[in-house]
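The values are calculated or read from the model by the stated rules, or taken from the named source; none is laboratory data. The shown structure was predicted, so the numbers you read here are calculated from the model rather than taken from an experiment. Quick reminder, even Gly has a Cβ in these numbers, built from the backbone with ideal geometry, and neighbours come from all protein chains shown. Ligands, DNA and RNA are stripped out before the accessible areas are found, and what is left, the full protein with its side chains, is counted by its heavy atoms. Shrake-Rupley method; radii C 1.70, N 1.55, O 1.52, S 1.80 Å.
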Amino acid sequence: MTANPAAAAPARTSIHTRDLNLWYGGFQALKQITVDVKQGLITGLIGPSGCGKTTLLRCFNRINERYGNVTTKGEITILGRNIYDAGVSLSELRKTVGMVFQRPNPLPISIFENVLFGIRIHTPRRSLPKSRRRELAESALREVGLWDDVKDRLHHKATTLTLEQQQKLCIARLLPLKPRIILMDEPCSALDAEGTEKIEDLLDGLREKYTVVIVTHNMAQARRATDECIFMLMGELIEHGSTEQIFFNPRREQTEMYIEGRYG
Ligand SMILES: Nc1ncnc2c1ncn2[C@@H]1O[C@H](COP(=O)(O)OP(=O)(O)O)[C@@H](O)[C@H]1O
Ligand SMILES: [Mg+2]
């Protein structure tokens, strides 16, 4: 018996998939993916280009369905709920599971309006008085470390910000919707080393409050910024473990070869 039973309790699962398969037309991009992503951790999705990282990530908020000719089979449960249930609202799902893309994509409107854009769509205007809007924007911008940079130019166009600031803004605009999970697809690929470091610092602050799943092809970033990693190859999940285990003691030969940079 351990002295502290809570310490021995298994981490809670945030995203669970079972035998998940996905086809683009006749091409199978995901094969029998069964995985548990733990709540409050930062999980990295790694593997060579084309192995299915983006596809798997896009399953978690069902945006693959926007692309024609996609067939999905298997189970995905998010926070205890099957996301393919008939009663699931896609707009609720996408509030709970926010997404950040490779290139920052702020709207060509002000910084302030960008942060509030999502919540405006989801909330009747009258229930969001001006003072509340201001509060929400400030708190989201503070959470991503952007407030001090932009507080004096909230009404400037978001497209005047640096790429790193734009990416922070794209994270900030998810927050008023109170997401539980944040999906990031190579969020630093358009940034320089300094911008990348700043986004990694931001990530560190999201841990525990949110479950983060981040696709990265940058092994140093995966090692520095994640708690667990999922290694994929040709649509299959090869290995999932703590980042330390994956990098220093991989169980599978393919993982070891990838980590050592021997392919992909
Ligand atoms: N919309 C699509 N239509 C057809 N094939 C696709 C589509 N998106 C991705 N694929 C294919 O699925 C495989 C996995 O792609 P992807 O998930 O983007 O990989 P990764 O993010 O690991 O580079 C690749 O072979 C890719 O060419
Ligand atoms: Mg990708």
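Suppose the filter is open to solvent by 20 Å² or more (accessible area, probe 1.4 Å) and under 21 Å from residue 14 (Cβ atoms); does residue 240 pass it?
On the way: open to solvent by 20 Å² or more (accessible area, probe 1.4 Å): yes; under 21 Å from residue 14 (Cβ atoms): yes.
Taking the combined requirement at face value, the residue satisfies it.
Condition test on residue 244, is it in contact with a His (Cβ under 9 Å, 6 or more places away or on another chain) and either within 16 Å of ligand 1 (Cβ to nearest atom) or modelled with pLDDT of 95 or more (or both)? Even if it seems obvious, please write down each step before you answer.
Values: in contact with a His (Cβ under 9 Å, 6 or more places away or on another chain): no; either within 16 Å of ligand 1 (Cβ to nearest atom) or modelled with pLDDT of 95 or more (or both): yes.
Considered against the rule, which asks whether it is in contact with a His (Cβ under 9 Å, 6 or more places away or on another chain) and either within 16 Å of ligand 1 (Cβ to nearest atom) or modelled with pLDDT of 95 or more (or both), residue 244 comes out as no.
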Could you count how many residues in segment 159-190 are more than 21 Å from residue 122 (Cα to Cα) and either part of a loop (DSSP other than H, G, I, E, B) or in contact with a Leu (Cβ under 9 Å, 6 or more places away or on another chain) (or both)? 15
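Based on what the data block shows, is residue 164 over 24 Å from the mean Cα position of the chain (by Cα) and either on the phi > 0 side of the Ramachandran plot or among the acidic types (Asp, Glu) (or both)? Spell out how you get there, then give the answer.
Numbers: over 24 Å from the mean Cα position of the chain (by Cα): no; either on the phi > 0 side of the Ramachandran plot or among the acidic types (Asp, Glu) (or both): yes.
It is false that residue 164 is over 24 Å from the mean Cα position of the chain (by Cα) and either on the phi > 0 side of the Ramachandran plot or among the acidic types (Asp, Glu) (or both).
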Counted residues in segment 118-142 being surrounded by 15 or more Cβ atoms within 10 Å (Cβ to Cβ) and closer than 25 Å to residue 163 by Cβ come to 7
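Results for (1) within 16 Å of ligand 2 (Cβ to nearest atom); (2) under 26 Å from residue 235 (Cα atoms); (3) in contact (Cβ under 8 Å) with a residue 24 or more places away in the chain, shown as yes or no for each residue.
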{"site": "70", "(1), (2), (3)": "yes, yes, yes"}
{"site": "74", "(1), (2), (3)": "no, yes, yes"}
{"site": "79", "(1), (2), (3)": "no, yes, yes"}
{"site": "100", "(1), (2), (3)": "yes, yes, yes"}
{"site": "123", "(1), (2), (3)": "no, no, no"}
{"site": "143", "(1), (2), (3)": "no, no, yes"}
Flag if residue 187 is within 22 Å of residue 105 (Cβ to Cβ), away from ligand 2 (no atom under 16 Å from the Cβ) and open to solvent by less than 60 Å² (accessible area, probe 1.4 Å): no
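When residues of segment 66-105 are filtered for being open to solvent by 20 Å² or more (accessible area, probe 1.4 Å) and part of a loop (DSSP other than H, G, I, E, B), how many remain?
Of all residues in segment 66-105, those open to solvent by 20 Å² or more (accessible area, probe 1.4 Å) come to 66-75, 77, 79-82, 84-92, 94-96, 99, 101-103, 105.
Still in the running and part of a loop (DSSP other than H, G, I, E, B): 67-69, 79-80, 84-89, 101-103, 105.
Qualifying residue count for the region: 15.
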